[in-house]
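Colleague: Can you read through this structure? Questions will come right after.
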Amino acid sequence: MILKIEKDHQRFRQIVKGRIREDLRKFLTKGELIGKEGKHLISIPVRGVELPHFRYGDNSGGVGAGDGSEGDSVGKGRTQGGEESGQHIMEVDLTLDDLAEILAEELKLPRIEPKGKHRITTVRDKYSGIRRVGPESLRHFKRSFKEALKRQIMVGSYDPANPIIIPQKKDIRYRSWKEIKSPQSNAVIVFMMDVSGSMGEEQKELVRLESFWIDTWLRKNYEGIESRYIVHDVAAKEVDKQTFYHLREDGGTKISSAFRACKSLLDSHYQPEEWNIYLFHFSDGDNSSEADSRDCVRILREQLLPMCNMFGYCQVASAYGSGNFINVLHEHLRNHEKVLTSRVNSKDDIYDSIKTFFGKGH
Amino acid sequence: MSSHEIGPFPAELLAAKKQIRERARSYGLDFFPVIFEMCDYEQMNQVAAYGGFPQRYPHWRFGAEYERLRKQHFYGLGRIYEMVINNDPCYAYLQESNQLVDQKLVIAHVYGHADFFKNNLWFKQTNRKMMDEMANHSTRVRRHVEKKGFDTVEKFLDICLSVEDLIDPHSMFLQRGPMEPARLEPQREQALNKFKAKDYLDRYINPPELMEAQAKKERDQRAKMRHVSPVQPTRDVLLYILQHAQLDDWQVDCLSIIREEAYYFAPQGMTKIMNEGWASYWHSTLMTRHFVEACDIIDYADHHSGTVHMPPGSFNPYKIGLELFRDIEDRWNKGKFGKEFEESENLGEKNRWDKGLGQGRQKIFEVRRVYNDVNFIDEFMTADFIEKHKLYQYGRDAHTGQLRIISRDPQRIRQTLLYQLTNMGRPFIYVVDGNYANRGELYLAHQHNGQDIEIRYAVETLKNVYKLWQRPVHLQARIDDDMILFTFAGDQPKQQPIHDDLPKPAHLVS
């Protein structure tokens, strides 16, 4: 059923999205957004979706009733929208899909073309549901009579002594089907992170934000997506998401260890014929030795790059270390189409970094 | 399926409706016919977002309201039990998922509202065919959208809605449709300061030269006023703009639609406490005396107490209105009013006071006819009432952000309420000059009643006024005891303290 208000509602949503787009740069750098990520919905504070009026200033006082003496607290009341006084702030729910769409429009990201042959989809119909509309051939007698009975009992026109049930049009139910798609283009993202001593809280926060947006965008493009996390210092291991963002170790850095771990992970679970593979590596670029860096390039070139859609290297600035690894990559793999690199020195760079990674639509 | 399909009205409810209606009539309630419609929660939310109407002009703010209601519904933060429209006949909506006892409660409540709409003086000027009128407005705006484009019309509506409250809801007899500018009647030429004197003394007591000088002054004054617009400060800013701004026909049409609807809704804002109180009084009276079955009493009590619940730090008009009506009824039944009662010093005697007048019912019917929230609270919220219901004044603690009880002084509590209710909590804005400094600029003034206006909002709103007026606009307002003139002329908003060198507007409002 289409309500008349639907148009106004859509227009309102459109305005809200527009407002979010204007503020996208700000949202991209807001850690709290990630915290608010629910199952499929996130709440976003939007300012200024309001018509101004002549009005009095902050007026949080009033009259209430109850016990208590002067000076007693009567609770928090409604909280007033913070930072900019007088600006009405409104929380709007968006799906991650909506958010990704806004991101795409603003960053002008092209839609990702999944790898060729995996786009074959099989669709199967399964009759599992009930609907209020449908063709007569699918009429469900039992359910229709049940509805009619319910209605008659409700309005009191059912007489158990003379149990006649007359279904009306709105009682009729129809069988309905669901389309079941067999797995389409699946994708896996492998996030690798350097957790050596030089990667502090600040760097982690940048990684966290960046990977959230990477995840959001890829999720928009693929039906099913899996995320795997690998951390490394001199040795690498696979961890869960929680550990990934909070683990901190001391010691040196051997990036090749992560690449090796990644390779074995892909080999055992993700065949490149069936999966679109995205690899992201976050580090401050302070690899322990030149030799290891050369090793990395070799693994990348010979093993990982042929398997994956893209390898993104994101170097975060750190107070320690040379940050040389990005130069190594530039030197050896500069023109490789699957290798993309970006430097993120502060939260403001995330915007451009995302653009670098996905601007070409791999 | 259309969005406004009316479900069949269950026989049981129909019977209940008839009984409640007749019973309400027997108590003296007098209402337009009420048409009840059943709807599901989505339709209910739509109707509520549209302010009770099945159709409105297209605008996103209804969508925003709808989103809010829907979210509130999904999160279980409250649902709408009832909606009723001031119209002849009244339309009321019942939510189909409610139980029978709830529906009865709502029906009784609705008859209370319907009686209030019909009889309260402040509703006398409202259009009783608003259902049709709203549909017309919707069509008219849609037509403008077709001609001018969606964005153009939406932008203009945004502007109009931003100033929609600049009307004069207190002038009950002002013509509310478009009209010719009114002029004051030319006064008879008379010497104002003429002393009474016998004929032969007249030219000594009222020297002709002096009389002539006075008359000339008077004539000059009037000549000057002839070029002054408005003739006196006017609160109906929208009307003034409609009559004097350079607007296109479609713009005039949109603005007058907004203005007309604002006038239609204003009395509901002005009588919120009374209206809800009156309806609650009647649902409570009718239900508890006649219509609650023994088996439903718990459910009834539960839902009734839900509607009149007043959580700490908030104000429930249902609760306060209901208690005030009950209090008035009790006082007039017992004769607890007037000089003798007020001056009695004996507390015990006052408590026991009962003259057996029995005028309570009569009094509350009279009150519902002539009062609005402001004078209702002012007159009937007595110190005793405030004490009995443990009312307090609260405010936000600047340090902790918590709401704290500031005072239990009846005078201050009443004052706080009156501040919030006067002009529906909005500032009084007047047009004091439509040709400021003889440059065709619009000069508005805020009448300061103890509270400053919010500058940010004022400036934003002023920009919208400018878009309507299309010449520079000014707003005079008192901020922190200084008179400030806000000006917007299309580029950067300006503000400056008002000093003697500035040209004076035609009238003074401060």
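Colleague: What's the number of the only condition in (1) surrounded by 14 or more Cβ atoms within 10 Å (Cβ to Cβ); (2) touching a Ser or Thr at 6+ places or on another chain (Cβ under 7 Å); (3) away from every other protein chain (no Cβ under 13 Å) that B:TRP353 fails to meet?
Modeller: Failed condition: (2).
Colleague: Next question, about the same structure. Could you check A:ASN324 against (1) more than 28 Å from A:ILE225 (Cα to Cα); (2) in contact (Cβ under 8 Å) with a residue 60 or more places away in the chain; (3) not hydroxyl-bearing (Ser, Thr, Tyr) and say which number it fails?
Modeller: Going through the list (1) more than 28 Å from A:ILE225 (Cα to Cα); (2) in contact (Cβ under 8 Å) with a residue 60 or more places away in the chain; (3) not hydroxyl-bearing (Ser, Thr, Tyr), A:ASN324 breaks only (2).
Colleague: Residue check: is B:ILE377 β-branched (Val, Ile, Thr) and either more than 14 Å from chain A (Cβ to nearest Cβ) or under 17 Å from B:PRO312 (Cα atoms) (or both)?
Modeller: Values: β-branched (Val, Ile, Thr): yes; either more than 14 Å from chain A (Cβ to nearest Cβ) or under 17 Å from B:PRO312 (Cα atoms) (or both): no.
No.
Colleague: Do we find a residue being farther than 19 Å from A:THR29 by Cα and assigned to a strand (DSSP E or B) anywhere in the range A:288-301? Quick ask: steps written out before the conclusion?
Modeller: Looking only at the range A:288-301, we keep the residues that are farther than 19 Å from A:THR29 by Cα, and these are A:288-301.
Cutting the leftovers down to assigned to a strand (DSSP E or B) gives us none.
Checking the range A:288-301: not a single residue is farther than 19 Å from A:THR29 by Cα and assigned to a strand (DSSP E or B).
Colleague: Scan the range A:61-93 residue by residue and report those that are at pLDDT below 60, surrounded by 14 or more Cβ atoms within 10 Å (Cβ to Cβ) and facing another protein chain (nearest Cβ under 7 Å).
Modeller: A:GLY77, A:GLY86
Colleague: Give the residue, chosen from B:TYR57, B:TYR93, B:TYR75, B:TYR81, that is aromatic (Phe, Trp, Tyr) and free of Cβ contacts under 8 Å to residues at least 12 places away in the same chain. Working first, answer last.
Modeller: Numbers: B:TYR57 fails: free of Cβ contacts under 8 Å to residues at least 12 places away in the same chain; B:TYR93 fails: free of Cβ contacts under 8 Å to residues at least 12 places away in the same chain; B:TYR81 fails: free of Cβ contacts under 8 Å to residues at least 12 places away in the same chain.
It is B:TYR75.
Colleague: Does the range A:341-354 contain at least one residue that is touching a His at 6+ places or on another chain (Cβ under 9 Å) and modelled with pLDDT under 85? So that I can check it myself, show each step before the final result.
Modeller: First, the residues of the range A:341-354 that are touching a His at 6+ places or on another chain (Cβ under 9 Å): A:341.
Next cut, modelled with pLDDT under 85 only: none.
For the range A:341-354, residues touching a His at 6+ places or on another chain (Cβ under 9 Å) and modelled with pLDDT under 85: absent.
Colleague: Please determine, by comparing only the residues of the range B:293-308 that are touching a helix residue (DSSP H, G or I) at 6+ places or on another chain (Cβ under 7 Å) and not hydrophobic (A, V, I, L, M, F, W, C), which one is nearest to B:GLY321 (Cα to Cα). Walk me through it before giving the result.
Modeller: Quick first cut of the range B:293-308, residues touching a helix residue (DSSP H, G or I) at 6+ places or on another chain (Cβ under 7 Å) only: B:296, B:299-300, B:303-304, B:307-308.
The next check asks that each one be not hydrophobic (A, V, I, L, M, F, W, C); those that pass are B:296, B:299-300, B:303-304, B:307.
Details: B:ASP296: 25, B:ASP299: 22, B:TYR300: 19, B:HIS303: 17, B:HIS304: 14, B:THR307: 12 Å.
Going through the qualifying residues, I end up with B:THR307.
Colleague: Assuming A:HIS40 fulfils every condition listed in (1) within 15 Å of A:TRP213 (Cα to Cα); (2) surrounded by 15 or more Cβ atoms within 10 Å (Cβ to Cβ); (3) at pLDDT below 70 apart from one, which condition is it?
Modeller: The one condition A:HIS40 does not meet is (2).
Colleague: So, B:ASN449, is that one assigned to a loop (DSSP other than H, G, I, E, B) and within 10 Å of another protein chain (Cβ to nearest Cβ) or not? Lay out the reasoning, then the answer.
Modeller: Details: assigned to a loop (DSSP other than H, G, I, E, B): yes; within 10 Å of another protein chain (Cβ to nearest Cβ): yes.
Criteria met by B:ASN449.
Colleague: Further question: All but one of (1) closer than 23 Å to B:ASP299 by Cβ; (2) away from chain A (no Cβ under 11 Å) hold for B:TYR91; state the number of the condition that does not hold.
Modeller: Condition not satisfied by B:TYR91: (1).
Colleague: Which number in (1) closer than 30 Å to B:PHE365 by Cα; (2) at pLDDT 85 or above marks the one condition that B:ILE80 misses?
Modeller: Every listed condition holds for B:ILE80 apart from (2).
Colleague: For the range B:30-47, how many residues meet the condition of being within 14 Å of chain A (Cβ to nearest Cβ) and surrounded by fewer than 21 Cβ atoms within 10 Å (Cβ to Cβ)? I'd like the intermediate steps shown before the answer.
Modeller: Applying the first criterion (within 14 Å of chain A (Cβ to nearest Cβ)) to the range B:30-47 yields B:38-47.
Add one more test, that the residue is surrounded by fewer than 21 Cβ atoms within 10 Å (Cβ to Cβ), and what stays is B:38, B:40-42.
Adding up the residues that qualify gives 4.
Colleague: Let me ask you something else. Taking the condition of being in contact with a Lys or Arg (Cβ under 7 Å, 6 or more places away or on another chain) and hydrophobic (A, V, I, L, M, F, W, C), how many residues in the range B:119-151 meet it? Working first, answer last.
Modeller: Narrowing the range B:119-151 to residues in contact with a Lys or Arg (Cβ under 7 Å, 6 or more places away or on another chain): B:119-121, B:125, B:134, B:138.
Next, only the ones that are hydrophobic (A, V, I, L, M, F, W, C) stay: B:121, B:134.
Residues in the range B:119-151 being in contact with a Lys or Arg (Cβ under 7 Å, 6 or more places away or on another chain) and hydrophobic (A, V, I, L, M, F, W, C): 2 in total.
Colleague: What are the residues in the range B:395-424 that are more than 7 Å from chain A (Cβ to nearest Cβ) and part of a helix (DSSP H, G or I), if any?
Modeller: Hits for the range B:395-424 are B:PRO410, B:GLN411, B:ARG412, B:ARG414, B:GLN415, B:LEU418, B:TYR419, B:LEU421, B:THR422, B:ASN423, B:MET424.
Colleague: Next up: Pull up the range A:124-134, narrow it to residues that are exposed (fewer than 11 other Cβ atoms within 10 Å of the Cβ) and of a type in the set (D, E, K, R), then point me to the one that is farthest from A:PRO167 (Cα to Cα).
Modeller: Taking the candidates together, the pick is A:ARG124.
Colleague: Exactly one of these conditions fails for B:VAL465: (1) touching a Pro at 6+ places or on another chain (Cβ under 7 Å); (2) assigned to a helix (DSSP H, G or I). Give me its number.
Modeller: The single condition B:VAL465 does not satisfy is (1).
Colleague: Under the condition of being at pLDDT below 90 and exposed (fewer than 14 other Cβ atoms within 10 Å of the Cβ), which residue from the range B:356-386 is farthest from B:SER314 (Cα to Cα)?
Modeller: B:GLY356
Colleague: Moving to a separate point now. Give me a count of the residues in the range A:333-348 that are under 19 Å from A:THR29 (Cβ atoms) and either out of contact with any strand residue (DSSP E or B) (no Cβ under 7 Å at 6 or more places or on another chain) or among the basic types (Lys, Arg) (or both).
Modeller: Our first condition is that a residue be under 19 Å from A:THR29 (Cβ atoms); within the range A:333-348, this holds for A:342-348.
Subset that is either out of contact with any strand residue (DSSP E or B) (no Cβ under 7 Å at 6 or more places or on another chain) or among the basic types (Lys, Arg) (or both): A:343, A:345-348.
Total satisfying the criteria: 5.
Colleague: Could you tell me whether any residue of the range B:481-496 is in contact (Cβ under 8 Å) with a residue 12 or more places away in the chain, in contact with a strand residue (DSSP E or B) (Cβ under 9 Å, 6 or more places away or on another chain), closer than 28 Å to B:VAL252 by Cα and not in a strand (DSSP E or B)?
Modeller: Yes, that holds for at least one residue.
Colleague: Tell me which residues, restricted to the range A:135-174, are surrounded by 15 or more Cβ atoms within 10 Å (Cβ to Cβ) and either at pLDDT below 85 or of a type in the set (S, T, N, Q) (or both).
Modeller: A:SER144, A:GLN152
Colleague: Further question on the same structure: Taking B:TYR27 as the residue in question, decide whether it is hydroxyl-bearing (Ser, Thr, Tyr), away from every other protein chain (no Cβ under 11 Å) and under 30 Å from A:VAL49 (Cβ atoms). Steps first, answer last, please.
Modeller: On the way: hydroxyl-bearing (Ser, Thr, Tyr): yes; away from every other protein chain (no Cβ under 11 Å): yes; under 30 Å from A:VAL49 (Cβ atoms): no.
So B:TYR27 fails the test.
Colleague: Condition test on B:PHE74, is it closer than 20 Å to B:TYR111 by Cα and hydrophobic (A, V, I, L, M, F, W, C)? Walk me through it before giving the result.
Modeller: Values: closer than 20 Å to B:TYR111 by Cα: no; hydrophobic (A, V, I, L, M, F, W, C): yes.
Judged against the criteria, B:PHE74 is not a match.
Colleague: Can A:HIS9 be described as within 7 Å of chain B (Cβ to nearest Cβ), touching a helix residue (DSSP H, G or I) at 6+ places or on another chain (Cβ under 7 Å), at pLDDT 70 or above and part of a loop (DSSP other than H, G, I, E, B)? Let's see the steps before the verdict.
Modeller: Working: within 7 Å of chain B (Cβ to nearest Cβ): yes; touching a helix residue (DSSP H, G or I) at 6+ places or on another chain (Cβ under 7 Å): yes; at pLDDT 70 or above: yes; part of a loop (DSSP other than H, G, I, E, B): no.
No: the conditions fail for A:HIS9.
Colleague: Follow-up. Looking for whichever is closer than 27 Å to B:LEU166 by Cα, out of contact with any Pro (no Cβ under 9 Å at 6 or more places or on another chain) and loosely packed, with under 15 Cβ neighbours inside 10 Å here; the options are B:ASP220, B:ASP236, B:ASP249. Which one fits? Before you say what the answer is, go through the steps one by one.
Modeller: Details: B:ASP220 fails: closer than 27 Å to B:LEU166 by Cα; B:ASP236 fails: loosely packed, with under 15 Cβ neighbours inside 10 Å.
Just a single option satisfies the conditions, and that option is B:ASP249.
The values are calculated or read from the model by the stated rules, or taken from the named source; none is laboratory data. Only a predicted model underlies this, so the values are computations on that prediction, with no experimental measurement involved. Cβ: placed from backbone, ideal geometry, glycine included. Neighbour counts: every protein chain shown.
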